[in-house]
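> Supplied in structure tokens, the structure appears directly below.
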Amino acid sequence: MTTAASPLLDILALGLLAIGAFGLLTRRRVIQQVIGLSIMLQGAIVALMQAGGAQERIALVQGMIVSSLLVETVALAIILALIVNVYRHHPDGRVDDLDTLRG
């Protein structure tokens, strides 16, 4: 990895984390919050790549990235299944309406 790309990847990782956190905290619809969470996780993966490249521990970073992608995929599948259930009862999908789903 070149040293010129290092600051750019840092900025990219921080930018993705910031955009994802902003989307997660400011959106009222559940699906938009999940998209913000996904963007934030991609920023964390870029930060992992950058940290591994700086320390030259590529094999460890590759394993961590594959593991985090698997965990992200499973978590998003479960979250999207729950969102389908929310949209059945509340077509607007607003977070404020979710307290009426209590059993």
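Quick note: the coordinates plus some simple rules give every number you see, no bench work behind them. Small disclaimer: the values here were computed from a predicted structure and weren't measured. A quick note on method: Cβ atoms are made from the backbone with ideal geometry, for glycine too, and the neighbour counts reach across all protein chains shown.
> Summing +1 for each Lys or Arg and -1 for each Asp or Glu, what net charge is found among the other residues whose Cβ lies under 13 Å from the Cβ of R28?
Working: positive: R27, R29, R94; negative: D92, D96, D97.
Net charge in that neighbourhood comes out at 0.
> Moving on. Here are a few candidate values for mean projected area of the Cα convex hull in nm²: (1) 14.8; (2) 7.4; (3) 9.7. Which one was actually calculated from the structure I just gave you?
(2)
> Take R88 and V66, extend 7 Å from each Cα along the Cα→Cβ direction, and tell me the distance between the two endpoints in nm.
Result: 3.6 nm between the two label points.
> Round to a whole angstrom and tell me the spacing of the C-alpha centers of the range 77-96 and the range 27-66.
About 25 Å separates the Cα centre of the range 77-96 from the one of the range 27-66.
> Find how much the distance from R57 to V74 grows on full extension, using 0.36 nm per residue of separation minus their present alpha carbon separation; answer in nm with one decimal. Show your work: numbers first, answer last.
Numbers: separation 17, 0.36 × 17 = 6.12 nm, distance 2.63 nm.
Extending this stretch completely gives an extra 3.5 nm.
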